[in-house]
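Notes for the one structure printed next.
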Amino acid sequence: MSMLDVLVSSSLILIGFLGLVGGGEILVRAAAALAAAMRISPLVVGLTVVAFGTSAPELAVTVQSVWADAADLAVGNVVGSNIANILLVLGVAALVSPLVVHERVRRIDLPLVILASAGVWLLALDRRIGHWDGLLLCLLLFGYLVWSVRQGRREALEPLVSAGGALDPPGAMVLLRELARLLVGLVLLAMGGRLLVMGAVDIARVLGVGELVVGLTLVAVGTSLPEVVTSVIAGLRGHRDIAVGNLIGSNLFNLLAVLGIGAATSPSGIPVLRAVLKLDLPIMILTTLACIPAFVAGRVGRRTGAVFLAYFICYLIYVVLRATQSPFRQTFEMGMLGVAFPLTLIAMTVAVYPLLRRRFSD
């Protein structure tokens, strides 16, 4: 690669980063304004519109992979994205700005994600997510959307009704304007993430990094950049409901919509590899369960964010070791199973026990 090529790749990284920041800023502002205009709580907008918009690339990749007979990419895309949303997105967002978790997320949305994760694993036990399985997942998503919007309107209107305020319907032009801003933000996020990954991949190749490692690390992180930037900016701007709702809603969308639409539109469903069924799907469920202590406490602090980010780095290392069939893989597995996971289990127990004891004593 010539000096000109290096300059072009560096420019792509810079332009991509600016696109991510600009798109995230526009998206968060538009989402908050749209919530106010539609009389819906910002949490619901984060759980639905923002989350589904930032997960649109995963939907496109999965549907294309299904029709191209690349089942490992179709399912792995969803599983890897959900793991990254918890460990990377939540970790980075909490490190930058500690997040407050809404009571509804603790009681309803997180349990739904856990149930959906376990449900997908059960559906995949026969090594395939079939056509009817996909239709069931899509139906569950539709029911969640209808209930979520109604609940969000009720939560947003209660203060106005109790105060005797007017409930004027939002103007059509206001809604169209905010929806247009939302779309612009999503486009900038998608373009920015793609340009940044393109530039980073080119430079990695110059440095002699293998294609497989690039795909498992840079590309994997790159697909989560829209969620990372959106959640970080939302947290910095004080819209913490949007920040948390974005990643929880994104995980639910990936499980119900991305896998559901992919399986429903495929004549033979989506095959599931044995390694994904035995390892990656259980890891996805465990990472979701790891949110319980912080979410029950109602706050995700910097210490928790650092732990999540460290686990994501460990997960990337393990994926690379497994893909390259490294002899150090078993040693790494034993270290994680013998040290890291027991310590995490103890920390979860210590964190949850006082909260549960206080709740039952009341």
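The values are calculated or read from the model by the stated rules, or taken from the named source; none is laboratory data. These numbers were taken from a predicted model, which means no experiment stands behind them. All Cβ positions, glycine included, derive from the backbone under ideal geometry; neighbour counts span all protein chains shown.
Summary table below
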{"quantity": "Criterion violated by Gly238 - all others in (1) modelled with pLDDT under 75; (2) small (Gly, Ala, Ser); (3) on the phi > 0 side of the Ramachandran plot satisfied", "calculated": "(1)"}
{"quantity": "Any chance Gly305 is at positive phi and touching a residue at least 24 places away in the same chain (Cβ under 8 Å)", "calculated": "no"}
{"quantity": "Qualifying residue in the range 241-253 (condition: part of a loop (DSSP other than H, G, I, E, B), of a type in the set (A, V, I, L, M) and crowded, with 23+ Cβ neighbours inside 10 Å)", "calculated": "no"}
{"quantity": "Residues located in the range 13-29, provided they are surrounded by fewer than 20 Cβ atoms within 10 Å (Cβ to Cβ) and within 19 Å of Met198 (Cα to Cα)", "calculated": "Ile13, Leu14, Ile15, Phe17, Leu18, Val21, Gly22"}
{"quantity": "Answer from Leu141, Leu47 - the residue that is under 30 Å from Ala172 (Cα atoms) and crowded, with 22+ Cβ neighbours inside 10 Å", "calculated": "Leu47"}
{"quantity": "Residue identified as modelled with pLDDT of 75 or more and buried (at least 24 other Cβ atoms within 10 Å of the Cβ) among Val75, Val66, Val92", "calculated": "Val75"}
{"quantity": "Flag if Arg194 is part of a helix (DSSP H, G or I), modelled with pLDDT of 80 or more, closer than 21 Å to Gly53 by Cα and not hydrophobic (A, V, I, L, M, F, W, C)", "calculated": "no"}
{"quantity": "Hits in the range 1-16 - residues which are within 27 Å of Leu236 (Cα to Cα) and touching a helix residue (DSSP H, G or I) at 6+ places or on another chain (Cβ under 6 Å)", "calculated": "Leu12, Ile13, Ile15, Gly16"}
{"quantity": "Residues of the range 244-272 that turn out to be touching a Gly at 6+ places or on another chain (Cβ under 9 Å) and over 26 Å from Val89 (Cα atoms), as a count", "calculated": "7"}
{"quantity": "Filter result (part of a helix (DSSP H, G or I) and in contact with a strand residue (DSSP E or B) (Cβ under 8 Å, 6 or more places away or on another chain)) within the range 80-125", "calculated": "Leu90, Ala93, Ala94, Val120, Leu123"}
{"quantity": "Per-region count, the range 290-335, residues in a loop (DSSP other than H, G, I, E, B) and over 23 Å from Asp241 (Cβ atoms)", "calculated": "5"}
